[in-house]
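The values are calculated or read from the model by the stated rules, or taken from the named source; none is laboratory data. Because the structure is a prediction, the values reported are computed rather than measured. A quick note on method: Cβ atoms are made from the backbone with ideal geometry, for glycine too, and the neighbour counts reach across all protein chains shown. Heavy atoms of the whole protein, side chains included, go into the accessibility calculation; ligands, DNA and RNA do not. Shrake-Rupley method; radii C 1.70, N 1.55, O 1.52, S 1.80 Å.
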Number of protein chains: 2
Amino acid sequence: MILSHGAEPIDGVFRALSDPTRRRVLERLSRGPATVSDLAAPFDMALPSFVQHLKILESCGLVRSSKVGRVRTYQLAAARLQLAEDWLAQQRTLWERRLDQLDHYLMALKEKNT
Amino acid sequence: MILSHGAEPIDGVFRALSDPTRRRVLERLSRGPATVSDLAAPFDMALPSFVQHLKILESCGLVRSSKVGRVRTYQLAAARLQLAEDWLAQQRTLWERRLDQLDHYLMALKEKNT
């Protein structure tokens with residue numbers, strides 16, 4: 001029986017990744033740290049809405065920020081992205097193993113019938 | 001300027017992955033196809049709520065289903081999981097390249113100062 005254990009950190013990571021604006025921000029931060037105004041510049045969006053996206057990214061641990069004077073700079077926190085990638089890679093491994101087993105089964109069946 | 005181009009298929013994939021029940025279902029399907037009752041068995045959840053999760057997984061293309069008689073069987077559609085994994089891998093590649101560049105820069109700086 002699988003009981004609900006409440007929210008897992010990976011829930012918030014995948015939810016954060018489900019928005020194209022937030023993915024564009026992460027793509028930008030993969031290339032290096034950036035200030036809020038650098039990050040906001042390419043988007044046709046009111047600043048408060050944009051800042052909300054940054055807060056979502058920070059609250060799930062995908063980015064970190066620090067403030068020097070009046071300038072807040074964001075950087076990628078790669079470990080959280082890794083959490084999501086690892087889960088996906090694990091499913092692929094299981095899936096590919098299953099396809100291999102199916103292949104072997106079909107080969108054996110073919111040999112038996114020839 | 002980045003304009004909103006409406007929902008992308010990967011949006012729905014990441015949103016579907018943000019729920020632990022749906023991830024458990026995908027983990028099960030990575031091992032092979034299963035019927036609705038097989039899939040539902042480990043969960044302490046009303047069937048209509050559980051079926052709703054299956055519908056979300058199917059609508060974003062992460063699973064496919066087929067019905068024989070009264071029994072509906074689900075299987076993983078691995079290509080959609082690959083879409084998410086590819087995006088994450090791409091960010092990691094960019095990030096690691098940046099760390100390498102930073103390493104080279106620091107090494108060069110160190111050499112210059114010795």
Task: Area accessible to solvent at A:THR73, 1.4 Å probe radius, in Å² - done: 50 Å²
Task: Total charge dipole magnitude, the protein assembly as shown, about the Cα centre, Cβ charges on Lys, Arg, Asp, Glu only, Debye to nearest 20 - done: 220 debye
Task: Loss of accessible area when B meets A, both sides summed, Å² nearest 100, probe 1.4 Å - done: 3700 Å²
Task: Computed magnitude of the charge dipole of the range A:2-113 (debye, nearest 20; Cβ of K, R +1, Cβ of D, E -1) - done: 380 debye
Task: List A:ASP11, B:ASP38, ordered by accessible area with a 1.4 Å probe, largest first - done: B:ASP38, A:ASP11
- [ ] Restrict the search to the range B:61-114; then list the trypsin sites (Lys or Arg not before Pro) that DSSP places in a loop and that have at most 12 other Cβ atoms within 10 Å of their Cβ.
- [x] B:ARG70
Task: Helix axis angle, B:47-59 relative to chain B longest principal axis, alpha carbon, degrees - done: 50 degrees
Task: Degrees separating the helix A:20-30 axis from the principal Cα axis of chain A, which is the longest one - done: 80 degrees
Task: Computed label-point distance, nm, for sites B:GLU27 and B:LEU99 using a 7 Å Cα→Cβ extension - done: 2.6 nm
Task: Solvent-accessible area, 1.4 Å probe, carbon plus sulfur percent, for the range A:45-114 - done: 54 percent
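Hey, can you find the accessible area per residue of chain B for me, probe 1.4 Å, expressed in square angstrom?
On a per-residue basis, 60 Å².
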Task: List of the range B:79-110 residues, accessible area with partners at least 30 Å² below that of the chain alone (1.4 Å probe) - done: B:LEU81, B:GLU85, B:TRP87, B:LEU88, B:GLN91, B:ARG92, B:LEU94, B:TRP95, B:ARG98
Open item on the list: Taking the 0 to 90 degree range and rounding to the nearest ten, how far is the long axis of helix A:78-112 tilted relative to the main principal axis of chain A, both from C-alpha atoms?
Closed with: 10 degrees
Task: Whole-Å distance, taken between Cα centres, linking the range A:1-72 and the range B:59-114 - done: 17 Å
Open item on the list: Under 8 Å for C-alpha pairs, at least 6 residues apart: give me the relative contact order for the range A:2-113, rounded to a whole percent.
Closed with: 27 percent
Open item on the list: Net charge within 13 Å of A:ASP11 by Cβ-Cβ distance, Lys/Arg positive one each and Asp/Glu negative one each, not counting A:ASP11 itself?
Closed with: +4
Open item on the list: Can you tell me which aspartates and glutamates have their Cα less than 20 Å from the Cα of A:LYS67? Leave out same-chain residues fewer than eight positions away.
Closed with: A:ASP38, A:GLU58
Open item on the list: I'd like the accessible area for B:CYS60, computed on protein heavy atoms only with a 1.4 Å probe and all protein chains in place. Round to 10 Å², please.
Closed with: 10 Å²
